[in-house]
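Visitor: Quick one: structure below, then a few questions.
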Amino acid sequence: MNVTHPSPKLQNDLSEKGYTTFPFPDHLRHLMLSHIEQFIRQLGAPKEQESLDNVVSSISDQIWSQKMTRAFRIFPKEISKQIHSWAHQNFCENLGAVDSSINAVYPQEAVTNSALTPEDIAIYWRCVRPEKPDAGRPHRDASFWELEFGEGYDPKIPFRFNHLTDCIKIWIPLKGCIPTTTLQVVPFSHREHIETIVESTEYGRRPNISPDWLQARENDFMSPPELSQGSCILFDMNLVHCGPKHENDELRISAELNFILKRAR
Ligand SMILES: O=C(O)CCC(=O)C(=O)O
Ligand SMILES: [Fe+2]
């Protein structure tokens with residue numbers, strides 16, 4: 001296994017540009033993908049020789065939307081613990097923290113998915129199908145958290161933290177993440193004042209970035225080249241980002257977590 005040494009640029013890039021990238025180990029990527037693949041295969045016809053892409057195209061949209069809600073896209077404990085420990089080793093001290101944690105699943109997710117307990121940690125995976133509306137709109141994760149905290153969500157972090165300054169989003173490309181399909185960000189947008197409207201949708205209340213801002217900045221969305229070479233991206237909770245509409249013919253699989261830092265007080 002390669003041991004990668006954190007770059008001293010990490011903290012600087014995060015605070016200046018709002019993001020930075022970091023190599024992600026292959027052994028964890030394989031472990032995560034084998035869980036995802038096993039989950040997806042049991043939704044489709046039992047054809048072991050078929051490629052995962054073919055299995056997915058045999059699953060109806062109805063089954064897909066029922067079985068792929070966020071509650072089912074959470075890694076089992078054995079895997080999420082290893083992801084946390086990798087992040088802890090590489091980023092905790094490096095970002096000036098004395099300990100780290102990851103938020104708990106949402107209570108409703110533990111109701112929907114009986115394999116979860118309310119204490120399980122929320123490291124999600126995501127599978128975006130080609131030419132299907134599986135990718136979300138551009139957003140800032142901080143706006144989601146603010147809404148969820150307002151609605152009483154308890155992340156169950158065993159220390160006090162500030163959701164803007166002590167929390168870093170980590171997004172990990174796992175499969176099919178090429179330059180045109182991988183995560184896009186708007187560098188420096190974490191420092192901007194951006195008008196956000198909360199709208200009611202079929203999934204509940206959702207924060208939306210003002211269409212004027214999005215239109216004015218549509219050419220500023222970019223994807224760091226390291227992402228399509230397998231590195232993960234760490235970004236500020238206020239950085240605007242999105243998973244682009246998917247126009248090639250391969251599945252895009254990724255994972256995401258909130259890495260929460262305990263500061264020495
Ligand atoms: O992967 C995507 O399509 C979006 C991911 C995202 O919004 C996140 O990880 O915060
Ligand atoms: Fe996000």
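The values are calculated or read from the model by the stated rules, or taken from the named source; none is laboratory data. Computed from a predicted structure; not experimentally measured. Because the Cβ atoms are built from the backbone with ideal geometry, glycine has one as well, and the counts that use them run over all protein chains shown.
Visitor: Tell me the residue from A255, A216 that is out of contact with any Gly (no Cβ under 9 Å at 6 or more places or on another chain) and in contact (Cβ under 8 Å) with a residue 40 or more places away in the chain, please.
Guide: A255
Listed here are the residues, each with its yes/no results for (1) free of Cβ contacts under 8 Å to residues at least 12 places away in the same chain; (2) surrounded by fewer than 14 Cβ atoms within 10 Å (Cβ to Cβ); (3) within 16 Å of ligand 2 (Cβ to nearest atom); (4) among the hydroxyl-bearing types (S, T, Y).
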position: A135; (1), (2), (3), (4): no, no, yes, no
position: D141; (1), (2), (3), (4): no, no, yes, no
position: E146; (1), (2), (3), (4): no, no, yes, no
position: P158; (1), (2), (3), (4): no, yes, no, no
position: N162; (1), (2), (3), (4): yes, yes, no, no
position: C177; (1), (2), (3), (4): no, no, yes, no
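Visitor: Still on this structure, please answer the following. Can you confirm whether I170 is assigned to a strand (DSSP E or B), closer than 18 Å to H88 by Cα and among the aliphatic types (A, V, I, L, M)?
Guide: Considered against the rule, which asks whether it is assigned to a strand (DSSP E or B), closer than 18 Å to H88 by Cα and among the aliphatic types (A, V, I, L, M), I170 comes out as yes.
Visitor: Looking at the range 114-133 only, could you name the residues that are farther than 12 Å from G243 by Cβ, within 16 Å of ligand 2 (Cβ to nearest atom) and not hydrophobic (A, V, I, L, M, F, W, C)?
Guide: Across the range 114-133, the qualifying residue is only Y124.
Visitor: Now, a different point. For a quick check of your reading: which strands (runs of 3 or more DSSP E) sit entirely within the range 185-265 and have at least 1 residues that are within 12 Å of ligand 1 (Cβ to nearest atom) and modelled with pLDDT of 95 or more?
Guide: Details: elements: 196-201, 204-209, 232-236, 252-262.
Answer list for the range 185-265: 232-236, 252-262.
Visitor: Next question, about the same structure. Are any residues in the range 138-164 in a loop (DSSP other than H, G, I, E, B), of a type in the set (A, V, I, L, M) and within 11 Å of ligand 1 (Cβ to nearest atom), and if so, which ones?
Guide: Hits for the range 138-164: nothing passes.
Visitor: Here's something else I'd like to know. Quick check on the range 92-107. Is at least one of its residues closer than 15 Å to Y153 by Cβ and part of a helix (DSSP H, G or I)?
Guide: There is at least one residue in the range 92-107 that is closer than 15 Å to Y153 by Cβ and part of a helix (DSSP H, G or I).
Visitor: While we're looking at this one, here's another question. Of the residues S34, S51, which is modelled with pLDDT of 95 or more and hydroxyl-bearing (S, T, Y)?
Guide: Going through S34, S51 in turn, the sole match is S34.
Visitor: Can you give me the number of residues within the range 57-68 that are surrounded by 14 or more Cβ atoms within 10 Å (Cβ to Cβ) and under 22 Å from the mean Cα position of the chain (by Cα)?
Guide: Here the count works out to 3.
Visitor: Still on this model: From the residues in the range 6-31 that are at pLDDT below 90 and under 23 Å from the mean Cα position of the chain (by Cα), which one is nearest to I74 (Cα to Cα)?
Guide: P6
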